[in-house]
1. May I ask you to sort Glu122, Glu61, Glu21, Glu37 by Cβ crowding, counting other Cβ atoms within 10 Å and putting the fewest first?
2. Under unit Cβ charges (Lys, Arg +1; Asp, Glu -1), what dipole magnitude, rounded to 20 debye, does segment 34-121 have relative to its Cα centre?
3. Name the residues whose placed amide hydrogens come within less than 5 Å of the amide hydrogen of Ile121, ignoring near sequence neighbours (fewer than 5 apart) on the same chain.
4. Could you give each residue of segment 39-55 its phi-based ³J(HN,Hα) in whole Hz, using Karplus coefficients 6.51, -1.76, 1.60 with θ = phi - 60°, and x for Gly or Pro?
5. Under 5 Å between amide H atoms, partner at least 5 residues away or on a different chain: which partners does Leu36 have, H built in plane at 1.01 Å?
6. Just check segment 34-121 against the gyration tensor rule for me: Cα atoms, a ≥ b ≥ c as the square roots of the eigenvalues, rounded for a/c under 1.5, and otherwise prolate or oblate depending on whether a/b exceeds b/c.
7. How long is the gain from Lys83 to Tyr96 if the chain were fully straight, where each residue apart is worth 0.36 nm and the alpha carbon distance is subtracted?
Amino acid sequence: MRMPGFLRPRTAQQRAGQAGEDQALVYLQQQGLQLLERNFRCKGGEIDLIMQDGKVLVFVEVRMRSDQKFGGAAASIGSAKQKRLIMAAQIYLQRYGIPPPCRFDVIALDDKQMTWLKNAIEA
């Protein structure tokens, strides 16, 4: 018998990704950002964290890599992923009459080292 999707056990990669998002969230909150939404999903894509930084709405992509072989976590965000993030952000922003100032940040986790890249994606 097949289990419904919400009952499937999470893979090791999914658990690691969740732990990375947890770590990024704590770090950003320590920097003064406030969480608005986590794992926003829509037809266009998914945004890991949506945060408020003063008057700026921040869409955060969290990327993890265990080694630097192919350029590390930040380098793993290709143009297709960037387009999906922008599309998801546009859908999220439809709830606002007048959209606030926004930016796209990346939290890159490479072998337990965290790097916060502000304005990492141009929209």
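1. Numbers: Glu122 8, Glu61 25, Glu21 19, Glu37 12.
Result, fewest neighbours first: Glu122, Glu37, Glu21, Glu61.
2. Working: 14 positive and 9 negative charges, 53 e Å.
Dipole of segment 34-121, to the nearest 20 debye: 260 debye.
3. Those qualifying (amide H under 5 Å, at least 5 residues apart or on another chain) are Phe104.
4. Result, rounded to whole Hz: 6, 5, 10, 8, 4, x, x, 9, 10, 4, 9, 10, 10, 10, 10, x, 9.
5. Under 5 Å from the amide H of Leu36: Ile50, Met51, Gln52.
6. Working: a/c = 2.33, a/b = 1.68, b/c = 1.39.
Prolate.
7. Values: separation 13, 0.36 × 13 = 4.68 nm, distance 2.07 nm.
My answer for the length gained is 2.6 nm.
Read the figures in this text as sums done on the coordinates, not as results from a lab. All of these numbers come straight from a predicted model, not from anything done at the bench. As a convention, Cβ positions derive from the backbone with ideal geometry for all residues, glycine included, and neighbour counts pool all protein chains shown.
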